[in-house]
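Report on the following structure.
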Amino acid sequence: MDSSNLMDKITALCKRRGIIFPGSELYGGLNGTWDLGPVGTLLASNIKNEWLKNMLSRGDIVPLDSSILHAARVWEASGHVASFTDPMIECKTCHERFRADHKAQIKEHESTHDKTLWTEMKLFNLMFKTFIGPIDNEENKTYLRPETAQGIFINFKNVVDSTRISIPFGIAQIGKGFRNEITTGNFLFRVREFEMMELEFFIKPTDGTKWHEYWKKERLNWYLALGIKKENIKLIDLPKKDIAHYSKGTSEIWYNWPFMGFGELEGIANRGDYDLSQHSKYSGKDLSYFDEKTKEKYVPYVIEPSVGVGRAMLAFLLDSYREEEKRIVLKLNPKLAPYKVAVFPLLANKPELVAVAQKIYKDLRSNFVTLYDGRGNIGKRYFAQDEIGTPFCITVDFQTLEDDTITVRDRDTMKQERIKIKNLLVLR
Ligand code: ATP
């Protein structure tokens, strides 16, 4: 399948089936924003639930939900005010701006003019500025967070003092991040507002490498367990020249994107003690940790797996998309499938079928996210459910009225099986 074509097809499918809509579409659109429709909201929520469940079921990770706005000093301490920048150049002819390190886009742009002249490269800070309160001055300026991680670091001491966890332990957070990207594109891949799933796992400094290796494997396995094909995903250790000066090692999980080949899906960094040390320095508060077991005092190191929900969602959508002879199907892992089951009456104008189908729908709803569909013919209904990845479709037909059986159709095999209504909950 042609790759740009595939992105167009996925984008069209998302619009058609209520997965994702262009942001502010009614007003001509707002670049770098996308809205989740009813189906996409469920898909994103399943991705987030799987991530959080995976983190919390271990017993050594606690959740956090910090605010999006922090005091401006937080961003000075973290280094974002000084250096959360991307290199930018501008085309002197049409004044379009590009990231100087995005060579493919630059080349593509150069092909649109006879001769492209570029401005000098300058650094552009990606943080969105805003003002707290009614006066727009320097003193009241702060930023929309470009990552959720700093909310974790500034609450490190609160969490240690208020819970029973001890090192090694993690704090996991899901929340919105905002980056005023110079250019956006490739659907959900690079946007200006996105949810992030971030873990900060605090460890003894001497255990840094061991835990970094551990989290690289854990995170890769999470994607594989949720159905990403092995050949489409890999782990990469970034060379020293490409990583932040304080990083003790940065790795990435790369996905095989149709528009660029292998590229970043998730970052997994050993950030050393940089963040806690910086916040100690800027806040004047001691953020070191006293290890009761070893009686040592130290500033913990931290391992940070960080991924955008939308970028993960795009990978799951691309990986599960199939075009078969007569249908398009999202072969999503059932854990991620927005709806787990759909219920249909064979004919919508037969009240006796509708009554049974409605009763089943109502019973299933308390256990599964369930859809009811009585429109069109049965083939169209299956087609619609395949396109949003619903694993099972249940049909109530005339035989149901005689022997209390229904058909259950499997999304992947398209095979139908007749089972007793009372056995339906076995699906759970
Ligand atoms: P890049 O160099 O591509 O701009 P980054 O290295 O700055 O990205 P990180 O700070 O490591 O990105 O962000 C962590 C994760 O957040 C990324 O792996 C990605 O999943 C997600 N992410 C970052 N920026 C965006 C964006 N603009 N749109 C969507 N997801 C993003």
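The values are calculated or read from the model by the stated rules, or taken from the named source; none is laboratory data. Bear in mind that the values here come from a model prediction, so they are computed numbers and not experimental data. Heads up, the Cβs are rebuilt from the backbone with ideal geometry, glycines too, and the neighbour counts pull from every protein chain shown. Ligands, DNA and RNA are excluded from the accessible area calculation, which covers all protein heavy atoms including side chains. Shrake-Rupley method; radii C 1.70, N 1.55, O 1.52, S 1.80 Å.
For residue 175, the stated conditions hold: it is under 28 Å from residue 207 (Cβ atoms), surrounded by 17 or more Cβ atoms within 10 Å (Cβ to Cβ) and not β-branched (Val, Ile, Thr).
For segment 83-109, taking the residues that are of a type in the set (S, T, N, Q) and either in a strand (DSSP E or B) or within 16 Å of the ligand (Cβ to nearest atom) (or both), the one that is farthest from residue 163 (Cα to Cα) is identified as 105. Residue 270 passes every criterion in (1) within 12 Å of the ligand (Cβ to nearest atom); (2) modelled with pLDDT of 95 or more; (3) open to solvent by less than 20 Å² (accessible area, probe 1.4 Å); (4) in contact with a Gly (Cβ under 8 Å, 6 or more places away or on another chain) apart from (1). Starting from segment 266-284, keep only residues that are farther than 11 Å from residue 304 by Cβ, then list their pairs with residues that are among the basic types (Lys, Arg) and assigned to a helix (DSSP H, G or I) whose Cβ atoms are within a distance under 7 Å, requiring at least 6 positions of separation or different chains. Listed by first residue and then by second, the contacts come to 282/73.
Within segment 163-209, the residues that satisfy the criterion of being touching a strand residue (DSSP E or B) at 6+ places or on another chain (Cβ under 8 Å), more than 15 Å from the ligand (Cβ to nearest atom) and among the charged types (D, E, K, R) are 204, 207. For segment 253-296, residues that are of a type in the set (Lys, Arg) and farther than 24 Å from residue 214 by Cα total 3. Can you find a residue that is free of Cβ contacts under 8 Å to residues at least 40 places away in the same chain and open to solvent by 20 Å² or more (accessible area, probe 1.4 Å) anywhere in segment 389-397? No, because not a single residue in segment 389-397 is free of Cβ contacts under 8 Å to residues at least 40 places away in the same chain and open to solvent by 20 Å² or more (accessible area, probe 1.4 Å). Any residue at all in segment 297-313 that's away from the ligand (no atom under 13 Å from the Cβ), free of Cβ contacts under 8 Å to residues at least 60 places away in the same chain and open to solvent by 40 Å² or more (accessible area, probe 1.4 Å)? Within segment 297-313 (the criterion being away from the ligand (no atom under 13 Å from the Cβ), free of Cβ contacts under 8 Å to residues at least 60 places away in the same chain and open to solvent by 40 Å² or more (accessible area, probe 1.4 Å)), the answer is yes, since at least one residue qualifies. Going by what's in this entry, would residue 132 be described as β-branched (Val, Ile, Thr), away from the ligand (no atom under 13 Å from the Cβ) and over 26 Å from residue 53 (Cβ atoms)? Yes; evaluated as a whole, the condition is true for this residue. Out of 144, 117, 188, one residue alone is open to solvent by less than 80 Å² (accessible area, probe 1.4 Å) and either without any contact (Cβ under 8 Å) to a residue 40 or more places away in the chain or more than 18 Å from the chain's Cα centre (by Cα) (or both). It is 144. Taking segment 1-82 and the helices (runs of 4 or more DSSP H) fully enclosed by it, the elements with 2 or more residues that are at pLDDT 95 or above, open to solvent by less than 50 Å² (accessible area, probe 1.4 Å) and among the β-branched types (Val, Ile, Thr) are at 3-16, 38-56. Taking segment 203-259 as the range and being surrounded by 15 or more Cβ atoms within 10 Å (Cβ to Cβ), among the basic types (Lys, Arg) and free of Cβ contacts under 8 Å to residues at least 60 places away in the same chain as the test, the residues that pass are 216, 248. Criterion applied to 400, 370 was being crowded, with 20+ Cβ neighbours inside 10 Å and closer than 30 Å to residue 53 by Cα, and the one residue passing it is 370.
Can you tell me which residues in segment 385-421 are assigned to a helix (DSSP H, G or I) and under 19 Å from residue 347 (Cα atoms)? Across segment 385-421, the qualifying residues are 385, 398, 399, 400, 401, 402, 403, 421.
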